[in-house]
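Chemist: One structure follows; several queries about it will come next.
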Amino acid sequence: MPIFEQLEAAVGPLLPGIIVAAIFIVGIIGLRIRYRGDALVDQLKRPGVILYVYVMLVALTVLAKLYWLPGYRFVYLLSLFVLVLAVLLAVSVAFFDMFMGRVRQIAVPAILRDVMMLVIYIVVIIIIIGQHGVDITSIVTTSAVLTAVIGFALQDLLSNIISGLAIEIERPFKVGDFVKFNDQEGRVLEINWRSTKIFTLHHDIVIIPNSVATKSAIINFTAPTRMHRRNVKIGLRYEVAPNRARESLLKAARGVEGVLTDPHPYVQLVAYADFSINYVVYFFITDMPAREKIQNRVMTRIWYQLRRDGLSVPFPIRDINMRHVTAEDDEKESNRHLAENVALLRKVPFLEPLSEAELNTLAPRLRTEFYAEGESIIRQGQPGSSFYIITDGKVAVSIREGEDGPERQVTTLETHNFFGEMSLMTGEQRSATVRATQDCELCVIDKNAFGDIVKNNEALVEAISQRLLARRQELKAAREESESSTAEIAPDEQKSLMGRIKNFFQL
């Protein structure tokens, strides 16, 4: 038989497969050009490579038909198996990634699509084998025994695969969720055939078999919402009234970074214990991985707030300290403390008009407050009637233009600087937000303490008003980076301020 007739006889049965392969190769090349640079191109590489393998097998099939007839049938069936695999992979990309993913915006789990493609592939291969004269019954009988042996040996693996399918169908969690399996918790990195990988807060990757995941209690901290309730337990002395305790604890929880304002934090009295009345502070967060940091902030803020409110946590111990203190020692300590406060007040420019007697009257009425790093001391727009002197630490002063405008830091204040003088003297709303940038100790003067000093002393009010206006112009110049602080104070402006001071103190 002439060689051309032999080639025609060898290529004839392969012609339908060659046409199918050519169509898919052209289609894949077109899609790779159309979606160049897209992630879809990477998914098209595998079916493209397998199609090129099929072309090589076609050439081997033709050579086997010509020169190695006993191996022809095997190579021919192998080429069909490879062609079917390439076509199914290409169809999978087109259907699941392009149609379902891009057009319908539906994400089909990878494990589910793999199972579907595997089942279709096995069915098609069985049909092909049957059409080429292979006894399907003997294969099924043999494969049933073989499957039983393999299934017994790989029962754990099969259990994980089936559990993986259950996870993908039921969807108790998905990639990116923050979950907990028994004592392991972290963010889900991957869900595959065998296992689920999570990235823990310790920066470890934990691989959990799917069969274990489906049998254990699962807590999904991301669904249905990211909001979760946390709590801090604390005991306070019996002398502290419950309502006062709740007010102090709520002030501590509000404004902490990471704590939601809606729902609001709340406090519950839970027990009358041996040494204390026990309370639980409940608050809500959305950043579950950062819960320990947020809880630390709340507990730290509670200490500072209790200290400012004159409250303390009782010790379940008995301390007996004996120290003999004479009246003379008490007087020396009191005089030393008074002298320190007077020296501190002298460093405040707008208090310069106060006489020595007035400073000595005001000094004992100072109180000390402590603020934690990051805590807001006063907030812009809030009412106030107190004045602060920094005795230790540093604060940042910020202003906000409009209700929804961004907050802008204008200056920082350190030891012996002061703020809040206009609210002390006039009761006006705070004009800026002052936030501690490190732990701070502040001396506080309130309206009641200062009212006795300015009472029936108009000359003192006039002198203080002049200094307040001068300081206001200095601050305005600093904010606007201008020279407006050198402008003279208008008489009407000073008169208006004096009137507000008198009205506030009811002079």
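None of the figures in this text is laboratory data; all of them are computed from the coordinates on show. In this text the structure is predicted, and so the values were computed from the model without any measurement. Note: ideal-geometry Cβ built from the backbone for every residue, glycine included; neighbour counts use all protein chains shown.
Chemist: Only helical DSSP H runs with n ≥ 4 go in: add -39500 (n - 2.57) per run for the chain, normalise by residue count and round the 222 nm mean residue ellipticity to 500 deg cm²/dmol.
Modeler: After summing the helix terms and dividing by the residues of the chain, the value is -16500 deg cm²/dmol.
Chemist: Based only on other Cβ atoms within 10 Å, what is the fewest-to-most ordering of PHE284, PHE275?
Modeler: PHE275, PHE284
Chemist: Note down the magnitude of the dipole of the chain about its Cα centre, charges +1 on Lys and Arg C-beta and -1 on Asp and Glu C-beta and zero elsewhere, to the nearest 20 debye.
Modeler: It comes to approximately 1560 debye.
Chemist: Neighbour counts of other C-beta atoms within 10 Å: give me HIS337, HIS202 arranged from fewest to most.
Modeler: Ranked by crowding around the Cβ, least crowded first: HIS202, HIS337.
Chemist: Can you work out the FRET efficiency for the pair ASP114 and LEU260, with r the C-beta to C-beta distance and R0 = 35 Å, to the nearest 0.05?
Modeler: Plugging the Cβ-Cβ distance into 1/(1 + (r/R0)^6) gives 0.30.
Chemist: With +1 assigned to the C-beta of every Lys and Arg and -1 to the C-beta of every Asp and Glu, and no other charges, what is the dipole magnitude of region 228-308 about the Cα centre in debye, to the nearest 20?
Modeler: That gives region 228-308 a dipole magnitude of about 160 debye.
Chemist: What's the local net charge at LYS197, with K and R +1, D and E -1, over the other residues with C-beta under 12 Å away?
Modeler: Taking every other residue near LYS197 into account, the sum is 0.
Chemist: Any chance you could check the Cα centroid distance between region 174-248 and region 337-371 for me, in angstrom?
Modeler: Cα centres, region 174-248 to region 337-371: 51 Å.
Chemist: With 10 angstrom as the radius, rank LYS347, LYS251 by how many other C-beta atoms surround their C-beta, starting from the fewest.
Modeler: Fewest-to-most Cβ neighbours within 10 Å comes out as LYS347, LYS251.
Chemist: Hey, got the Cα dimensions of region 1-102 along the principal axes, in Å, largest first?
Modeler: The Cα atoms of region 1-102 stretch 54, 22, 18 Å along their principal axes.
Chemist: Here's a follow-up. What percentage of all Cα-Cα pairs in the chain are separated by more than 42 Å?
Modeler: 53
Chemist: Another question about this same structure. State which entries of LYS197/LYS293; LYS447/LYS502; LYS347/LYS495; LYS447/LYS495 exceed 19 angstrom in Cα-Cα distance in the structure shown.
Modeler: Going by Cα-Cα distance, LYS197/LYS293; LYS347/LYS495; LYS447/LYS495 fall outside the 19 Å limit.
Chemist: Whose amide H sits under 5 Å from the amide H of ARG430, counting only residues 5 or more places off or on another chain, with H placed in the peptide plane?
Modeler: GLY381, GLN382, GLY384
Chemist: Still on this model: Given an 8 Å cut-off on Cα distances and at least 6 residues of separation, report the relative contact order of the chain as a percent.
Modeler: The value is 8 percent.
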